[in-house]
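Colleague: My structure is below; once you've seen it, I'll send some questions.
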Amino acid sequence: MTQVGHEAARALLRRLAVEQAECRIPSVVAAIVRDGRPVWFGGRGGVDGAAPTAATQYRIGSITKSMVAVVVMRLRDEGLLDLTDPLERHLPGTRLGHLTIAQLLSHTAGLTAEPPTAWWERTPGIPAGDLLERLGPGELKHRPGRRFHYSNVGFAVLGELVARLRGTTWLKALRAEVLDPLGMHATTPRPRAPHATGYAVHPWADVVQAEPEHDADGMGPAGQLWSTAHDLARWAAFLGGETAGVLCTQTLAEMREPAGVEDGDTWSGGFGLGLQLARVGGRRLAGHSGSMPGFLATVWSDAAEGVGALFLANTTSGMSGSLLPDLLDLLDRYEPRLPDEWRPVPADPALLALTGLWHWGPKAYTLRLLPERGLSLEPVGGAGRASRFVPQDDGTWLGLDGYYAGETLRVAADHLDLNTFIFTRTPYDPDAPVPGGAGDWHA
């Protein structure tokens, strides 16, 4: 798996070794993905007397949620549900039927974090139907939509939603629609050899204790799965945009959009639609962390830079939290990414004629032609509203981002009409249809 140079590989392995030694981890594996391909793997510690490999299974906990979320978004893309649908529309009879699918995906439904059962991570689970019957108004801790509140229960509900709409179990749907198409054949609900044993490390002595492992049943969608560094490297590539047709890239980008902020004004962490988000050292990361008794795991993807990183460890607690950002920083330091080569591309003469200087009143903007017939409208000097646009079948242009996201741009012979705002070739061109009129410039 390792494709980086010797110096980079040594620095990456040393950072992993420091984590394993200082945090007292029985074993840990990590990997880096660049441009959709694994470029580095490292392992430290031991599993059954041998060094862990990229094929060694670890429990991935809540990373399971991100995979379940992809199936939910596939259902949306197929028209079988809408994210604004109340649960009642698809799970009739539940006492929480007013909660929406989007709220559950983004942990903004106000639902309790844990199920009304015994400590679910350490005891055998109950069937999804029994779990749903136990959920009532008492499990609502906040007004739906008011704030972020992480909920394991919410993803148990989403797993049952998938099961009902697909007519099978959430796990079979996930296997058929996501795991198998991505080649993630070593991702399973229960451990298979070779796998690490989950341990708790004593806080004041260098001894360990084995942690329990069981079938969470109805709570399975919240954290049941086991996986390997090999498979999670494929998942990191998926999150970065290598979707292999499992999900359209626009839907994946939608999942990465912030829907709830985890840490208030700081905004260093939050959630999209089933994806955990973080802003670290100038990077914007999307992925998920995972925790179950005896195991910790995290996978992050930086889609803008085309890189991802992951780790899996068999310890209940104690990792630093900076391992993956540090690994990505080391990769940048020793093997910085080369910019894509510039190449000329064919241009429609009619579109080429639109490029150049335009004015919103007295303010100057530039219109640039992008690949695949896209347009970019940006203020001269950088301050102001900038957006990209893509062509539509009716001859208009749709805003992709910024202030004009979702808005319509219409092109006329002497002006641009951007959702009623008129852009002209000269400031307030008197020959263009400027609302309110355009007079003469004078001293």
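Colleague: Considering only the stretch 141-157, state which residues are out of contact with any strand residue (DSSP E or B) (no Cβ under 9 Å at 6 or more places or on another chain), open to solvent by less than 40 Å² (accessible area, probe 1.4 Å) and part of a loop (DSSP other than H, G, I, E, B).
Modeller: Within the stretch 141-157, no residue meets the criteria.
Colleague: Which condition number in (1) aromatic (Phe, Trp, Tyr); (2) within 30 Å of Arg147 (Cβ to Cβ); (3) assigned to a loop (DSSP other than H, G, I, E, B) is the one that Trp300 fails?
Modeller: (3)
Colleague: Within the stretch 310-346, work out how many residues are under 30 Å from Glu372 (Cβ atoms), touching a helix residue (DSSP H, G or I) at 6+ places or on another chain (Cβ under 6 Å) and open to solvent by less than 50 Å² (accessible area, probe 1.4 Å).
Modeller: Selection size over the stretch 310-346: 0.
Colleague: Follow-up. Between a first residue in the stretch 67-90 that is among the acidic types (Asp, Glu) and a second residue that is open to solvent by less than 60 Å² (accessible area, probe 1.4 Å), which pairs have beta carbons less than 6 Å apart while being 6 or more apart in sequence or on different chains?
Modeller: Asp77/Thr251; Asp85/Ile101; Glu88/Gly97
Colleague: Go through (1) within 22 Å of Ala297 (Cβ to Cβ); (2) over 20 Å from the mean Cα position of the chain (by Cα) for Leu161 and report which single condition fails.
Modeller: Evaluating Leu161 over (1) within 22 Å of Ala297 (Cβ to Cβ); (2) over 20 Å from the mean Cα position of the chain (by Cα) leaves (1) as the failure.
Colleague: So, one more: Determine which member of the set Ala244, Ala173, Ala236 is hydrophobic (A, V, I, L, M, F, W, C) and part of a loop (DSSP other than H, G, I, E, B).
Modeller: Every option except Ala244 fails the conditions.
Colleague: Restricting to the stretch 252-275, count the residues that are more than 15 Å from the chain's Cα centre (by Cα) and among the polar types (S, T, N, Q).
Modeller: Qualifying residue count for the region: 1.
Colleague: If only one of Gly138, Gly125 is buried (at least 20 other Cβ atoms within 10 Å of the Cβ) and more than 18 Å from Val162 (Cα to Cα), which one is it?
Modeller: On the way: Gly138 fails: buried (at least 20 other Cβ atoms within 10 Å of the Cβ).
Residue meeting the stated conditions: Gly125.
Colleague: If you scan the stretch 100-120, which residues turn out to be surrounded by 22 or more Cβ atoms within 10 Å (Cβ to Cβ), in a loop (DSSP other than H, G, I, E, B) and at negative phi?
Modeller: If the condition is that a residue be surrounded by 22 or more Cβ atoms within 10 Å (Cβ to Cβ), in a loop (DSSP other than H, G, I, E, B) and at negative phi, then Ser106, Thr108, Ala109, Pro115, Trp120 are the ones that fit.
Colleague: Is it fair to say Leu225 is in contact with a Lys or Arg (Cβ under 8 Å, 6 or more places away or on another chain) and farther than 30 Å from Leu132 by Cα?
Modeller: Working: in contact with a Lys or Arg (Cβ under 8 Å, 6 or more places away or on another chain): yes; farther than 30 Å from Leu132 by Cα: no.
Spelling it out, it is not the case that Leu225 is in contact with a Lys or Arg (Cβ under 8 Å, 6 or more places away or on another chain) and farther than 30 Å from Leu132 by Cα.
Colleague: List pairs: first in the stretch 123-151 and in contact (Cβ under 8 Å) with a residue 12 or more places away in the chain, second open to solvent by less than 40 Å² (accessible area, probe 1.4 Å) and among the aromatic types (Phe, Trp, Tyr), Cβ under 7 Å, 6+ apart or cross-chain?
Modeller: From the stretch 123-151, the pairs are Phe148/Phe271.
Colleague: List the pairs whose first member sits in the stretch 181-199 and is touching a residue at least 24 places away in the same chain (Cβ under 8 Å) and more than 9 Å from Arg59 (Cα to Cα), whose second member is open to solvent by less than 30 Å² (accessible area, probe 1.4 Å) and of a type in the set (D, E, K, R), and whose Cβ atoms are under 6 Å apart, counting only residues at least 6 apart or on separate chains?
Modeller: That search, which allows pairs on different chains as well, returns Met184/Asp231; Ala186/Asp231; Thr187/Asp231.
Colleague: Next up: Among the listed residues Ala69, Ala21, Ala31, identify the single one that is within 19 Å of the chain's Cα centre (by Cα), in a helix (DSSP H, G or I) and of a type in the set (Gly, Ala, Ser).
Modeller: Unique residue meeting the criteria: Ala69.
Colleague: Asp401: in contact with a strand residue (DSSP E or B) (Cβ under 8 Å, 6 or more places away or on another chain), free of Cβ contacts under 8 Å to residues at least 40 places away in the same chain and more than 15 Å from Tyr365 (Cβ to Cβ), yes or no?
Modeller: Here the answer is yes, as Asp401 does meet what is asked.
Colleague: Tell me the residue from Arg373, Arg388 that is modelled with pLDDT of 95 or more and either open to solvent by 70 Å² or more (accessible area, probe 1.4 Å) or among the basic types (Lys, Arg) (or both), please.
Modeller: Arg388
One line per residue, one yes/no per condition, for (1) open to solvent by 10 Å² or more (accessible area, probe 1.4 Å); (2) within 30 Å of Pro116 (Cβ to Cβ); (3) part of a loop (DSSP other than H, G, I, E, B):
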{"residue": "Gly159", "(1), (2), (3)": "no, yes, no"}
{"residue": "Gly183", "(1), (2), (3)": "yes, no, yes"}
{"residue": "Ala186", "(1), (2), (3)": "yes, no, yes"}
{"residue": "Ala200", "(1), (2), (3)": "yes, yes, no"}
{"residue": "Pro221", "(1), (2), (3)": "no, yes, no"}
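Results for (1) at pLDDT 95 or above; (2) of a type in the set (S, T, N, Q); (3) within 27 Å of Glu257 (Cβ to Cβ), shown as yes or no for each residue.
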{"position": "His98", "(1), (2), (3)": "yes, no, yes"}
{"position": "Ile101", "(1), (2), (3)": "yes, no, yes"}
{"position": "Pro127", "(1), (2), (3)": "yes, no, no"}
{"position": "Leu131", "(1), (2), (3)": "yes, no, no"}
{"position": "Arg146", "(1), (2), (3)": "no, no, yes"}
{"position": "Thr168", "(1), (2), (3)": "yes, yes, no"}
{"position": "Glu177", "(1), (2), (3)": "yes, no, yes"}
{"position": "Ala193", "(1), (2), (3)": "yes, no, no"}
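Colleague: Does Arg95 fit the bill of being in contact (Cβ under 8 Å) with a residue 24 or more places away in the chain and of a type in the set (D, E, K, R)?
Modeller: yes
Colleague: Another question about this same structure. Could you list all residues from the stretch 404-443 that are farther than 13 Å from Leu375 by Cβ, of a type in the set (Phe, Trp, Tyr) and surrounded by 13 or more Cβ atoms within 10 Å (Cβ to Cβ)?
Modeller: Phe421, Tyr428
Colleague: Tell me which residues, restricted to the stretch 248-271, are more than 24 Å from Asp77 (Cα to Cα), in a helix (DSSP H, G or I) and open to solvent by less than 50 Å² (accessible area, probe 1.4 Å).
Modeller: Gly264
The values are calculated or read from the model by the stated rules, or taken from the named source; none is laboratory data. Only a predicted model underlies this, so the values are computations on that prediction, with no experimental measurement involved. For neighbour counting, all protein chains shown are included, and Cβ atoms are generated from backbone atoms with ideal geometry for every residue, glycine included. Heavy atoms of the whole protein, side chains included, go into the accessibility calculation; ligands, DNA and RNA do not. Shrake-Rupley method; radii C 1.70, N 1.55, O 1.52, S 1.80 Å.
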